[in-house]
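Structure, as structure tokens:
The values are calculated or read from the model by the stated rules, or taken from the named source; none is laboratory data. Keep in mind the model is a prediction, meaning the values are calculated, not measured. Reconstructed Cβ throughout: ideal geometry from the backbone, glycine too, with neighbour counts over all protein chains shown. Quick note on the areas: whole protein, heavy atoms, side chains included, nothing else; ligands and nucleic acids left out. Shrake-Rupley method; radii C 1.70, N 1.55, O 1.52, S 1.80 Å.
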Amino acid sequence: MLESGSIYRVRIYFANHKSTQLDMDFITSYISSEQAAGRYSQPFLPEDLERVIGPFRTSPLGLAPKPHTDTFRMIQDMSYPRNNPEITSVNHGINSDDFPTAWGSFDAAAALILSLPPGCLAATFDISAAYRLTPIRPDQQHHLCVFWMDRVYVDRAVMFGLASSAGVFGSIADMLVAIYHKAGFTALLKWVDDFFVIRLPDQSWTEHEFMDVTGYFGVPWSIKKMRPLAAVQRYIGFDWDLESCTVALPSEKLSKILSALGKWLVADERFSAKDAASLHGRLVHVSCIFPLIRPFLRSISGFATSFTHPWSELWVPPGVYADLSWVQFLIKHLPNKIPLAPSTPVDIQWWGDTSTSFGIGIALSSYWAVWKWAPGFKVGPHQNFDIGWAEAVAIELGLRLALELGLLGSAGQRGHTFLVRSDNAGIVSVTNKGRSRSRETNMILKHVYLLQAEHQIRLKSVHVTSRKNISDALSRGAVDEFLKGFPCVNTQASISLPSHLADKLISW
């Protein structure tokens, strides 16, 4: 885990991070509980500890929000100091890639459930205090001391903040998975210490039989946190329905996240770094159900890290307010239960392009469509509507056309992601992000996102060069050139223009 031969000439310890001041009583209580469990040593004055074990080092303590909760986890910042050639961090000498482990992620759970036969049940199991049950070799413990209230403690167990911790415990968890596979439990996933286990129709094991397989040699399964076999099971904070192949955000979590967003969108309210970090963590979590909100989360993350003092409170910046308004809008309009779908985007051969001199061209499967700018309407530099807005309009028209033609919008496509190709890198970026610096472009994006929400689909824009964009000729009005080059895309299509575009375009 560390270079056991590393010896310090002098003791090294640092001031703790400001985030520890968010809840100092929590840290004091945590240290006491770890001492009681035998995982922390007694407290030492720095000079006294050095006489016992020789030179040592500490890393700054900090507090981080626990995923899916409003509570904290104490971490040791093993990556501190940064960019200091004279004193490198503990993590500087650790390559986390040397400690690989498997993760039973949201996408992995979806893929597993989609592969199951009818009649399966699932249960979840939790290992108590998993990281802290994993001991550290005595000859490495001098690297991993804790400094709190002018005293130093020797930490004897794997902790949060060490680059190798997830992999170290993960190797144990991976071993348990291998044992269970050998014992016939072939359909299971794990996320750190949480195990999601499927009982297949031809199996008859019980929950206690599952735990007994490894419990007899010391794995401390939590009876309290175990969830019994059922067709609908909660794992990583979501309710997975094995029969209907759907996944849902629990209604109580949905209510809480909407309540939290409502508080943030009250005028003149101020929030702390803890508030911002907590909201960001919760939104990242629910974005598995509401993926359309992901482009709007970066600003709240930046706001959470902008505080210079842990207990200061700041007003919500306009950009954050705008993004959270989008998030609230989308969560209110999207269902909190979605059908499971493969994570790989679906390619329906959707291409779009725009020219300021002529108009917009779309190619969709075997269909093509062209719109020309209305007489007197100007697009380009120094105009009210720029090329970025025009490229966004091409996305909206392509989406409306795909829905009209039945290429998108069927019940079986809900939850899927679809590829859109464009040769404008800017619009690829803003379409995926969901926002632009241009007010006019943002208005178009709102229509695009509302249509995605209404039909429970998601678009992923990808960039192609102009030379490879098959709709380039269409956007210039060169239809004969296009048809000659792409004879398989030979059916002209059109739609009625929405009211906000009716005075700007005409069908060609």
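List the strands (runs of 3 or more DSSP E) that sit entirely inside region 43-141 and contain at least 2 residues that are surrounded by 15 or more Cβ atoms within 10 Å (Cβ to Cβ), among the charged types (D, E, K, R) and at pLDDT 90 or above. Once the strands (runs of 3 or more DSSP E) in region 43-141 are filtered for at least 2 residues that are surrounded by 15 or more Cβ atoms within 10 Å (Cβ to Cβ), among the charged types (D, E, K, R) and at pLDDT 90 or above, nothing remains.
For region 269-293, a tally of residues being of a type in the set (K, R) and without any contact (Cβ under 8 Å) to a residue 60 or more places away in the chain returns 1.
Which residues, counting only those in region 399-416, are within 28 Å of the chain's Cα centre (by Cα) and surrounded by 17 or more Cβ atoms within 10 Å (Cβ to Cβ)? Selection gives L399, L408, G409, Q413, G415, H416.
The C-beta contact set for region 412-426 (first residue free of Cβ contacts under 8 Å to residues at least 60 places away in the same chain, second residue open to solvent by less than 30 Å² (accessible area, probe 1.4 Å) and not acidic (D, E), distance under 6 angstrom, 6+ apart or interchain) comprises G426/G388. For region 305-318, how many residues are at pLDDT 90 or above and out of contact with any Leu (no Cβ under 8 Å at 6 or more places or on another chain)? Residues that pass the stated criteria total 5. Only one entry in K378, K337, K372 is open to solvent by 60 Å² or more (accessible area, probe 1.4 Å), among the charged types (D, E, K, R) and free of Cβ contacts under 8 Å to residues at least 60 places away in the same chain, namely K378. Looking at (1) buried (at least 17 other Cβ atoms within 10 Å of the Cβ); (2) touching a Phe, Trp or Tyr at 6+ places or on another chain (Cβ under 9 Å); (3) closer than 20 Å to A157 by Cα; (4) modelled with pLDDT under 90, which is the only condition L2 fails? The one condition L2 does not meet is (2).
Restricting attention to region 343-357, does a residue exist that is surrounded by fewer than 19 Cβ atoms within 10 Å (Cβ to Cβ), under 30 Å from K484 (Cβ atoms), under 19 Å from the mean Cα position of the chain (by Cα) and in contact (Cβ under 8 Å) with a residue 24 or more places away in the chain? Yes, some residue in region 343-357 is surrounded by fewer than 19 Cβ atoms within 10 Å (Cβ to Cβ), under 30 Å from K484 (Cβ atoms), under 19 Å from the mean Cα position of the chain (by Cα) and in contact (Cβ under 8 Å) with a residue 24 or more places away in the chain.
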